[in-house]
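Down below is the structure, laid out as structure tokens.
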Amino acid sequence: MSETFLTAPVDDRSARDLAASGLRLALVDTADSAAFDAWIAADFRGFHSERPTPEVLEEARGFLADRRTTAVYDDPATSPVGTVNSWVAPLTVPGGEQVGAWAISSVTVAPTHRRRGIATALLGSELRTADRLGVPLAILTVSESVIYGRWGFGPATFAGEWRVDTKRVRWAGADTPGRLAFTEPDEYRATATAVLDRVMAGRPGEIALSPYLAERLIGPLKGSEDPNRYRLVRYDSVDGEPEGFVSYIVKGNDDFTKHSVEVVYLAAATDAALLALWRFLLELDLVAEVRAYTRGVDEPLPALVSDVRGAKLASVEDHLWVRILDVPAALTARRYERDGELVLDVIDDLGFAAGRFRLRVADGAATVEATDAEADVSLPIASLGSVYLGHATAPGLALAGRITGDADALDRLFRTATPPRLSTWF
Ligand SMILES: CC(C)(COP(=O)(O)OP(=O)(O)OC[C@H]1O[C@@H](n2cnc3c(N)ncnc32)[C@H](O)[C@@H]1OP(=O)(O)O)[C@@H](O)C(=O)NCCC(=O)NCCS
């Protein structure tokens, strides 16, 4: 049987590097609940979360068992001092293709063992394993933005936090026919999952969700804060087609007329669903503010309200980071909105993707071949990751010296009219 992301052994080089400092790199058998619980608890501790209860551990074991789960041990202690997990996630790229991307999560190092090269060994192991299995790119979402550039990741999508002062605005969008109804996760789960599949396939930057990632958007996981405050509202089109939902929490304060709403997730597979669900949120009575996180920077809210300043993009942050491992495979997987030709000189200090490539785009489809012709553009692999999904990052990177040569031509070729978006964490 050929190797898969689950069965491939740990990377030799990382295992050797760690062994030289008395540490052991190993895959965790997720069927061994004691070992898996210790790994999950170490992951929670790494992110400063509460100690997981037996109930939380049981749920997490069920949800996370299908990931490649790696630990670093300082034997004989059974609690890992380093954790990471990974799986191959279908990433939507411009043009709508879903490309298998090596998704990396749960990178933690015990504070007792920091800055001893454990993260370096874990990331090296992930990237070399992905590369060996022929996966063309790796992706992650980050808690700190300073960590992953050194491994060739570049920020490729940006996420906005929106705040709406609902006392200040009235609905100024189009009519919202269709039907809204409260529902419960247990009765709606299968439909919600189908809606999420459409949402994730419909926008570059989104990834198809595992049951765990979907579940977090539909309802509270075990151990969530305020699980009884979650509300779930579905939207069905005029024809009765399920096209969206919103999960949210209402929080109170001293003034009963000024609750605030935190949107857990707004899923809209169609424009009609997007309109109806935003309208629902903005017209909730006894609410003064609606907050939504991890939305696109192009969320159309300002156009949907009577007072543009009542709907604010409160912050914009880097969100999905992309690390290209195979330039020809990655660049031919996406489509382009303009035709053109460029010779790219790609620099990769880690050696995965370096080379000079001629990219030719005709009728939106690319061909890529190695060349020794003079380069039009020269850029480190992290910058190629940043422009890959279509976000307009090239001008800034050129100003900063992280793209040299004809950055305008690169921008024209890679940029998409609609910016990419990833609307969840993983
Ligand atoms: C981030 C984290 C994984 C780093 O682990 P680590 O084993 O200490 O990292 P390493 O020893 O391999 O360091 C690799 C390099 O990254 C740098 N680095 C690591 N963490 C950094 C941080 N938070 N800020 C800035 N630089 C950092 C190190 O200084 C080192 O640089 P050098 O190669 O120039 O010396 C660890 O601090 C951690 O678990 N943090 C909490 C969880 C977290 O934030 N995870 C990231 C989730 S996306």
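For the range 251-280, taking the residues that are surrounded by 16 or more Cβ atoms within 10 Å (Cβ to Cβ) and among the polar types (S, T, N, Q), the one that is nearest to Arg291 (Cα to Cα) is identified as Ser260. Within the range 172-202, the set of residues being of a type in the set (A, V, I, L, M, F, W, C) and exposed (fewer than 15 other Cβ atoms within 10 Å of the Cβ) comprises Ala172, Ala174, Ala181, Phe182, Ala190, Ala194. Considering only residues in the range 32-54 that are touching a residue at least 60 places away in the same chain (Cβ under 8 Å) and not in a helix (DSSP H, G or I), the one that is farthest from the ligand (Cβ to nearest atom) turns out to be Thr53.
Within the range 299-334, the set of residues being closer than 12 Å to Leu422 by Cα and in a loop (DSSP other than H, G, I, E, B) comprises just one member, His319. The residues of the range 291-325 that are touching a Ser or Thr at 6+ places or on another chain (Cβ under 6 Å) and within 29 Å of Gly252 (Cβ to Cβ) amount to a single one, Thr294. The set of residues in the range 173-199 being in contact with a strand residue (DSSP E or B) (Cβ under 6 Å, 6 or more places away or on another chain) and under 27 Å from Pro420 (Cβ atoms) consists of Thr191, Ala192, Val195, Leu196, Val199.
The condition of being in a strand (DSSP E or B) and surrounded by fewer than 19 Cβ atoms within 10 Å (Cβ to Cβ) does not hold for Pro76. When you look at Leu64, is it surrounded by 16 or more Cβ atoms within 10 Å (Cβ to Cβ) and over 22 Å from the mean Cα position of the chain (by Cα), yes or no? No; evaluated as a whole, the condition is false for this residue. The residues listed here are Gly152, Gly160; of these, the one that is surrounded by 19 or more Cβ atoms within 10 Å (Cβ to Cβ) and in contact with a helix residue (DSSP H, G or I) (Cβ under 6 Å, 6 or more places away or on another chain) is Gly152. Looking across the range 69-80 at every residue that is touching a helix residue (DSSP H, G or I) at 6+ places or on another chain (Cβ under 8 Å) and of a type outside the set (Gly, Ala, Ser), the one that is nearest to the ligand (Cβ to nearest atom) is identified as Val72.
Each residue in the range 266-288 was checked for being more than 27 Å from Thr191 (Cβ to Cβ) and in contact with a Lys or Arg (Cβ under 6 Å, 6 or more places away or on another chain), and 1 pass.
Cβ-Cβ distances below 6 Å connect no pair with a first residue in the range 100-112 that is among the basic types (Lys, Arg), a second residue that is within 11 Å of the ligand (Cβ to nearest atom), and a separation of six or more residues or different chains. Residues in the range 350-369 that are in contact with a helix residue (DSSP H, G or I) (Cβ under 8 Å, 6 or more places away or on another chain) and touching a residue at least 40 places away in the same chain (Cβ under 8 Å): Leu350, Phe352, Ala353, Leu359, Val361, Val368, Glu369.
Confirm whether Leu325 is outside the structural domain of Arg179 (by TED's automatic domain parsing) and buried (at least 22 other Cβ atoms within 10 Å of the Cβ). When the stated conditions are applied, Leu325 passes them. Taking the range 217-283 and the strands (runs of 3 or more DSSP E) fully enclosed by it, the elements with 3 or more residues that are free of Cβ contacts under 8 Å to residues at least 60 places away in the same chain and within 18 Å of Gly178 (Cβ to Cβ) are at 230-236, 242-251. Scanning the range 388-402 for residues that are crowded, with 24+ Cβ neighbours inside 10 Å and among the hydrophobic types (A, V, I, L, M, F, W, C) turns up Leu389, Ala394.
The condition of being touching a strand residue (DSSP E or B) at 6+ places or on another chain (Cβ under 8 Å) and not assigned by TED's automatic domain parsing to the domain that holds Arg203 holds for only one of Ala382, Ala362, that being Ala382.
Listed by first and then second residue, the pairs linking a residue in the range 75-99 that is touching a residue at least 60 places away in the same chain (Cβ under 8 Å) and within 28 Å of Thr418 (Cα to Cα) to a residue that is within 16 Å of the ligand (Cβ to nearest atom) and assigned to a loop (DSSP other than H, G, I, E, B), with Cβ atoms under 7 Å apart and 6 or more places separating them unless they lie on different chains, are Trp87/Arg67.
The values are calculated or read from the model by the stated rules, or taken from the named source; none is laboratory data. Source: prediction; values computed, not measured. With ideal geometry, Cβ positions are generated from the backbone for all residues, glycine too; neighbour counts draw on all protein chains shown.
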